[in-house]
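Structure record follows, encoded as structure tokens.
The values are calculated or read from the model by the stated rules, or taken from the named source; none is laboratory data. Keep in mind the model is a prediction, meaning the values are calculated, not measured. Cβ: placed from backbone, ideal geometry, glycine included. Neighbour counts: every protein chain shown.
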Amino acid sequence: MESGFVGTIKQLENFIGAKAELAITSGLNKGSYPSSLEDIDGELLGVSLPALRVGILQVSQNTKLFVKIETPYGIYQGTAVAMQSDLTANVPLLWLKLVSALDKVQRRMFVRVSSSFKADAFFLGETEIKELPEGVTLPPKQWFSVRVTNISLGGIGIGIGIGTSLKDNPLPYCFVGGRYLLLLKIGKAALFVPGRIVKILKKKEGSIEVGFSYDGLSVSAEKILLGYIRQQELAAR
């Protein structure tokens with residue numbers, strides 16, 4: 001028997017490879033994990049199983065998850081249950097069955113606002129590239145300060161160098177694919193946000209500005225950032 005969500009699932013057939021996020025709200029694996037939409041089979045969504053430092057995330061059958069799938073036209077989000085894992089696929093998969101319709105959230109939620117506050121960054125030592133670009137060296141294994149220049153629910157513009165604690169020339173430390181952990185202090189909240197540099201925006205002597213994309217936001221972090229973005233929007237009017 002069809003679940004009634006076939007039409008919703010068909011809307012995603014053109015977005016295989018789209019960035020996704022899986023949120024488990026209870027149990028030992030409670031947390032939010034970056035993923036991607038890899039396959040669709042009838043009523044089932046095949047998403048990549050997140051890789052942890054200790055191996056592939058283990059998700060038990062019938063575990064309830066909140067799933068978000070990002071497309072160029074909006075974010076589809078809803079509740080699903082885990083059916084089974086497939087570790088033999090080229091990309092280890094978790095097959096999900098929807099238990100609620102996917103709501104579509106407009107890209108408006110990714111409105112970008114100007115900002116200017118200090119944050120802290122730590123290089124995670126992982127990249128998506130096999131070799132470092134010429135002239136690039138790995139950042140020191142220590143926290144250093146950066147300056148947030150703009151912010152959205154999709155990513156952050158970050159300035160490194162001027163007005164930060166990194167005394168050395170930051171240019172050799174910044175490259176597309178470099179992964180960092182950011183510590184953002186917004187109001188009374190301290191948010192640890194993992195992500196990667198996806199774009200070099202501006203270079204000049206002694207400083208650099210980069211585009212930083214989140215690897216995944218927890219529901220609580222998303223709410224805090226959304227509140228801050230709306231506050232900045234109102235202040236700019």
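Let me confirm something: among Val198, Val210, which residue is in a strand (DSSP E or B) and within 12 Å of the chain's Cα centre (by Cα)?
Working: Val210 fails: within 12 Å of the chain's Cα centre (by Cα).
Every option except Val198 fails the conditions.
Spot the failing condition for Ile16; the list is (1) more than 22 Å from Ser213 (Cα to Cα); (2) among the β-branched types (Val, Ile, Thr); (3) surrounded by fewer than 19 Cβ atoms within 10 Å (Cβ to Cβ); (4) touching a Leu at 6+ places or on another chain (Cβ under 9 Å), and only one is missed.
Against the list (1) more than 22 Å from Ser213 (Cα to Cα); (2) among the β-branched types (Val, Ile, Thr); (3) surrounded by fewer than 19 Cβ atoms within 10 Å (Cβ to Cβ); (4) touching a Leu at 6+ places or on another chain (Cβ under 9 Å), Ile16 comes up short only on (1).
Looking only at residues that are aliphatic (A, V, I, L, M), surrounded by fewer than 19 Cβ atoms within 10 Å (Cβ to Cβ) and assigned to a strand (DSSP E or B) in segment 45-73, which one is modelled with the lowest pLDDT?
For segment 45-73, the residue satisfying everything is Leu52.
Does at least one position in segment 123-136 carry a residue that is in the same structural domain as Leu191 (by TED's automatic domain parsing), under 17 Å from Lys185 (Cα atoms), at pLDDT below 90 and buried (at least 18 other Cβ atoms within 10 Å of the Cβ)?
Among the residues of segment 123-136, not one is in the same structural domain as Leu191 (by TED's automatic domain parsing), under 17 Å from Lys185 (Cα atoms), at pLDDT below 90 and buried (at least 18 other Cβ atoms within 10 Å of the Cβ), which makes the answer no.
Checking the conditions here, which among Ser207, Ser218 is among the polar types (S, T, N, Q), under 15 Å from Pro34 (Cβ atoms) and not assigned by TED's automatic domain parsing to the domain that holds Leu65?
Criteria check complete, one pass: Ser218.
Identify, from the list Tyr33, Tyr76, the residue that is closer than 23 Å to Glu13 by Cβ, modelled with pLDDT under 90, in a strand (DSSP E or B) and out of contact with any helix residue (DSSP H, G or I) (no Cβ under 7 Å at 6 or more places or on another chain).
Details: Tyr33 fails: closer than 23 Å to Glu13 by Cβ.
Within the list Tyr33, Tyr76, the selection yields Tyr76.
Inside segment 98-122, can you point out the residues that are at pLDDT 85 or above and either crowded, with 16+ Cβ neighbours inside 10 Å or aliphatic (A, V, I, L, M) (or both)?
Leu98, Val99, Val113, Ser115, Ala119, Asp120, Ala121, Phe122
Tell me yes or no: at least one residue of segment 140-161 is within 16 Å of Glu21 (Cα to Cα), under 17 Å from the mean Cα position of the chain (by Cα), of a type in the set (Ser, Thr, Tyr) and modelled with pLDDT of 75 or more. Steps first, answer last, please.
Within segment 140-161, the first condition is being within 16 Å of Glu21 (Cα to Cα), and the residues that meet it are 153-155.
Those still in the list that are under 17 Å from the mean Cα position of the chain (by Cα) too: 153-155.
If we keep only those that are of a type in the set (Ser, Thr, Tyr) too, we end up with none.
No, that holds for no residue.
Quick one: in segment 8-34, which of the residues that are within 21 Å of Thr88 (Cβ to Cβ) and touching a residue at least 24 places away in the same chain (Cβ under 8 Å) is farthest from the chain's Cα centre (by Cα)?
The selected residue is Ile16.
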